[in-house]
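The values are calculated or read from the model by the stated rules, or taken from the named source; none is laboratory data. These numbers were taken from a predicted model, which means no experiment stands behind them. Cβ placement follows ideal geometry from the backbone for every residue including glycine, while neighbour counts extend to all protein chains displayed.
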Amino acid sequence: MSLLSVIVPCYNEEENVDCFYEELMKNTPFFEKEGLELEILYVDDGSKDRTVEEVKDLRKRDERVHLISFSRNFGKESAIYAGLQKAKGDYVVMMDADLQDPPSLLPEMFSYIKEGYDSVATRRVTRKGEPPIRSFFARMFYRLVNRISKTEIVDGARDYRLMTRQVVDSILQMTEYNRFTKGIFGWVGYSTKWLEFENVERAHGETKWNFWKLFIYALDGITAFSTVPLALASFMGVLFCFVAFLLILVIVIKTLAIGDPVGGWPSMVCIICMVSGVQLFCLGIVGQYLSKTYMEVKKRPIYLVKEEL
Ligand code: UDP
Ligand code: MG
């Protein structure tokens, strides 16, 4: 018998705790056939609703259900890390509580693990039901980040993944504070099989992401897996020196040839504005990395557990 750990990060998912369990249990014949024992870890990320009570009720019915409850909301990345730390399984799978990661895909995913893949990941091929502007920025983000980072970050990838113990242990070795899970999976490598599926709408409740949160998340992703923006300052510096040199030549030649009519202060103001803008922009980039480094050297815990069952 081998053990399969299912990690379910939950933040205000009271309606989904039971639904998810029912849906997962539809796979029972498959679990029995494969000789898989089950361990379901609900990671409550500081929910303010009845999520914790719902999980406790569920645990009364089924001993295989476990609860890890955080002292406050630490974010999904922290919930995933906690789940991975606590999971004892030979195989570990992560799934959203809102059934956007259909548990019915599990048998197919497992068949690839048996074939010899180390991890089976999923990506949605459509972004149906999402505001077009969000899809547009998402696509831009993936294109940009893949160009400036050596780590492959797949467009549309979900955090729905089935992994072997070896992969999980590798991920756990990455103890960084700024956790961008999509990049971390890519970074550890191993042979990965990608499964594609159509976007599924949330079962109950609302998404915890808004445009601004996603934007910050995208910036985190870039700073966590690329240092190219830092080189931008040097690049622009060289470019501006070159342009300035050309301009000086032009002015000197012009002055020698046709004299020096004084003027041109508006153009001077424009140049000063632009150059100081570029300087502040570059300084801001350095600041971004500095702030990440600052948080990292503090070595604060990634999450705090209030209750564990
Ligand atoms: N989640 C979490 N902590 C948070 C936000 C979300 O644990 O701070 C969980 C949430 O309960 C869900 C999963 O992460 O199980 C995905 O969240 P959501 O459905 O809001 O994201 P989306 O599917 O819209 O990307
Ligand atoms: Mg969702």
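Looking only at residues of the stretch 201-229 that are outside any helix (DSSP H, G or I) and surrounded by 16 or more Cβ atoms within 10 Å (Cβ to Cβ), we find that the one that is nearest to ligand 1 (Cβ to nearest atom) is Ala203.
Residues checked against (1) surrounded by 11 or more Cβ atoms within 10 Å (Cβ to Cβ); (2) farther than 30 Å from Leu84 by Cα; (3) modelled with pLDDT under 85:
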position	(1), (2), (3)
Ala231	yes, yes, no
Leu249	no, yes, yes
Thr255	yes, yes, yes
Val286	yes, yes, no
Glu307	yes, no, no
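Tell me yes or no: at least one residue of the stretch 231-239 is within 16 Å of ligand 1 (Cβ to nearest atom) and assigned to a helix (DSSP H, G or I). Checked the stretch 231-239: no residue is within 16 Å of ligand 1 (Cβ to nearest atom) and assigned to a helix (DSSP H, G or I). If a residue has to be touching a helix residue (DSSP H, G or I) at 6+ places or on another chain (Cβ under 6 Å) and surrounded by fewer than 17 Cβ atoms within 10 Å (Cβ to Cβ) to count, how many in the stretch 94-135 make the cut? Within the stretch 94-135, residues that are touching a helix residue (DSSP H, G or I) at 6+ places or on another chain (Cβ under 6 Å) and surrounded by fewer than 17 Cβ atoms within 10 Å (Cβ to Cβ) number 2. Number of residues in the stretch 166-197 that are in contact with a strand residue (DSSP E or B) (Cβ under 7 Å, 6 or more places away or on another chain) and part of a loop (DSSP other than H, G, I, E, B) equals 1. So Trp265 fits all but one of (1) in contact with a Gly (Cβ under 9 Å, 6 or more places away or on another chain); (2) at pLDDT below 80; (3) surrounded by fewer than 14 Cβ atoms within 10 Å (Cβ to Cβ); what number is the exception? Of (1) in contact with a Gly (Cβ under 9 Å, 6 or more places away or on another chain); (2) at pLDDT below 80; (3) surrounded by fewer than 14 Cβ atoms within 10 Å (Cβ to Cβ), only one is false for Trp265: (1). Residues in the stretch 150-160: is at least one assigned to a helix (DSSP H, G or I) and modelled with pLDDT of 85 or more? No.
Output the number of residues of the stretch 218-236 satisfying the condition of being touching a residue at least 24 places away in the same chain (Cβ under 8 Å) and either of a type in the set (S, T, N, Q) or within 16 Å of ligand 2 (Cβ to nearest atom) (or both).
Of the residues in the stretch 218-236, the ones touching a residue at least 24 places away in the same chain (Cβ under 8 Å) are 218-230, 232-233, 236.
After this cut, where a residue has to be either of a type in the set (S, T, N, Q) or within 16 Å of ligand 2 (Cβ to nearest atom) (or both) as well, the list is 223, 226-227.
Count: 3.
Take the conditions assigned to a loop (DSSP other than H, G, I, E, B), within 25 Å of Val8 (Cβ to Cβ), at pLDDT 85 or above and of a type in the set (Val, Ile, Thr) and apply them to Thr122. Does it pass? So Thr122 fails the test. Tell me which residues, restricted to the stretch 139-197, are over 21 Å from Arg127 (Cα atoms) and hydroxyl-bearing (Ser, Thr, Tyr). Selection gives Ser149, Thr151, Thr164, Ser170, Thr175, Tyr177, Tyr190, Ser191, Thr192. Looking across the stretch 102-119, just one residue is within 16 Å of ligand 2 (Cβ to nearest atom) and in a loop (DSSP other than H, G, I, E, B), and that is Pro102.
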